[in-house]
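K.L.:
Below you'll find the structure I mean.
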Amino acid sequence: MGNDNRDKFYISEDLARVTWIYFNPDSNSGGQYVYNYIYYRHILTVAEQAKTTDSFFDLLGAWADQFLVDVGTVDYEDADKEFMEDPCDIEGCDETTMDKLITFAKGVENK
């Protein structure tokens with residue numbers, strides 16, 4: 001429960017956004033799931049500004065609409081189950097993920 005250090009990305013073509021979810025063990029509550037909602041246009045903006053893969057993900061987090069689910073809250077158990085069981089579209093904060101996110105954003109922009 002809540003000890004998973006993966007970064008999971010869920011692509012929503014319909015909403016033209018990506019949901020990036022990860023577990024933050026360092027919150028005051030003893031841990032929390034961080035939900036970052038990032039629209040395609042923000043991914044394109046970040047891609048133009050970022051100089052490295054690390055800076056891409058740092059900037060992406062800064063542009064995101066963020067929602068937190070803390071340990072001990074009513075939604076935590078559902079968030080934990082979802083994170084552990086639901087398959088994601090992309091996993092990890094690496095160059096491959098960055099390229100896939102940019103490709104997704106460009107595809108939405110060109111529709």
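Where a number appears in this text, it was derived from the coordinates with a stated rule and is not lab data. Model, not experiment: these values are computed from the prediction. Virtual Cβ from ideal backbone geometry, glycine too; neighbours counted across all protein chains shown.
K.L.:
Count of lysine pairs in the chain with Cα atoms under 25 Å apart, counting only pairs 8 or more residues apart in sequence or on different chains?
P.N.:
On the way: Lys8/Lys51; Lys8/Lys81; Lys8/Lys100; Lys8/Lys106; Lys51/Lys100; Lys51/Lys106; Lys100/Lys111.
Final tally of qualifying lysine pairs is 7.
K.L.:
Next question, about the same structure. Using a basic spin-label model with each label point 7 Å from the Cα along Cα→Cβ, how many nm lie between Asp54 and Phe67?
P.N.:
3.1
K.L.:
If I fit a long axis through the Cα atoms of helix 76-85 and take the longest principal axis of the Cα atoms of the chain, what angle between them do I get, 0 to 90°, rounded to 10?
P.N.:
For 76-85 against the chain, the angle is about 60 degrees.
K.L.:
Could you let me know the centre-to-centre spacing of the stretch 26-49 and the stretch 5-21, using Cα atoms, in angstrom?
P.N.:
The distance from the Cα centre of the stretch 26-49 to that of the stretch 5-21 comes to 10 Å.
K.L.:
Could you tell me the relative contact order of the stretch 9-111? Use alpha-carbon pairs under 8 Å, at least six residues apart, and round to a whole percent.
P.N.:
31 percent.
K.L.:
How far is helix 53-63 tilted off the main Cα axis of the chain, in degrees rounded to 10, range 0 to 90?
P.N.:
70
K.L.:
Quick one, can you get me the convex hull of the C-alpha atoms of the chain expressed as volume per residue in Å³? It would help to have the intermediate numbers written out before the result.
P.N.:
On the way: hull volume 11.0 nm³, N = 111.
Given the Cα convex hull of the chain, per-residue volume reads 99 Å³.
K.L.:
So, in nm, how far is label Cys88 from label Asp75 when the simple model puts each one 7 Å beyond its Cα toward the Cβ?
P.N.:
Label-label distance for Cys88 and Asp75, simple model: 1.8 nm.
K.L.:
Here's something else I'd like to know. If you line up the long axis of helix 95-109 against the longest principal axis of the chain, both from Cα atoms, how many degrees apart are they, to the nearest 10?
P.N.:
60
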